[in-house]
Amino acid sequence: MQKIPLTVRGAEMLKDELQHLKSVARPAIIEAIAEARSHGDLSENAEYEAAKEKQGFIEGRISELEHKLSIAHIINPREIHAEGKIVFGATVVLEDLDSGEKVRYQIVGEDEADLKFHKISIGSPIARALIGKEEGDVAEVQAPGGVREYEVVDVEYL
């Protein structure tokens, strides 16, 4: 079975979502189904159908989260001894060699990726191009607009 990488924070986020689904969303949808049933004929009851559909989504998400957490390989970036190399969990500062613009990203698992918070998925083209690089190296990234070059300015394990 293949392990999926998660940072400590990513694992906490999945556990929190799972807890919410089990303790809040599941009981609420069970109550909504009971309420819809009390309205009579289920064959023409849109509330009942909607509630059952939502229940299916919730149960599917619970199952998905439980599976992901059971095969997760939790990595604490602070405990990584990569001697300056970019690895999963590393936070990197890059300089776009065309524009001179600097950006900061943390390389995280798919479920944690969120560009608003400067977290990119390990499977993204930029992360794949960065893995194994060190400060001072240049990474070429295939972007929709063509190849972009980024110089690695700093690598941190936060």
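The values are calculated or read from the model by the stated rules, or taken from the named source; none is laboratory data. In this text, all values refer to a predicted model and were calculated from it rather than measured experimentally. Quick reminder, even Gly has a Cβ in these numbers, built from the backbone with ideal geometry, and neighbours come from all protein chains shown.
In the range 106-143, which residue that is without any contact (Cβ under 8 Å) to a residue 12 or more places away in the chain and within 29 Å of LYS68 (Cβ to Cβ) is nearest to the chain's Cα centre (by Cα)?
The residue in question is ALA113.
Would you tally the residues in the range 1-37 being of a type outside the set (Ser, Thr, Tyr) and in contact (Cβ under 8 Å) with a residue 24 or more places away in the chain?
The number of residues fulfilling the criteria is 21.
With at pLDDT 95 or above and in a strand (DSSP E or B) as the only criterion, which of VAL141, VAL152, VAL147 stands out?
Only one candidate passes the filter, namely VAL152.
Restricting the search to the range 113-131, which residues are farther than 18 Å from LYS85 by Cα and crowded, with 18+ Cβ neighbours inside 10 Å?
ALA113
Being out of contact with any Leu (no Cβ under 8 Å at 6 or more places or on another chain) and not assigned by TED's automatic domain parsing to the domain that holds GLY10 narrows it down to one of ASP41, ASP111, ASP98, so name that one.
ASP98
Any residue in the range 95-106 that is within 20 Å of ILE80 (Cα to Cα), surrounded by 14 or more Cβ atoms within 10 Å (Cβ to Cβ), touching a Ser or Thr at 6+ places or on another chain (Cβ under 6 Å) and modelled with pLDDT of 95 or more?
The answer is yes; a qualifying residue exists.
Looking at (1) within 20 Å of the chain's Cα centre (by Cα); (2) part of a loop (DSSP other than H, G, I, E, B), can you tell me which one ILE62 breaks?
Every listed condition holds for ILE62 apart from (2).
Here is a check on your reading of the model: is GLU110 surrounded by fewer than 18 Cβ atoms within 10 Å (Cβ to Cβ), part of a loop (DSSP other than H, G, I, E, B) and at positive phi?
Answer is no for this residue.
Here is a check on your reading of the model: is ALA11 surrounded by 16 or more Cβ atoms within 10 Å (Cβ to Cβ), closer than 20 Å to ALA113 by Cβ and of a type in the set (A, V, I, L, M, F, W, C)?
Yes, satisfied.
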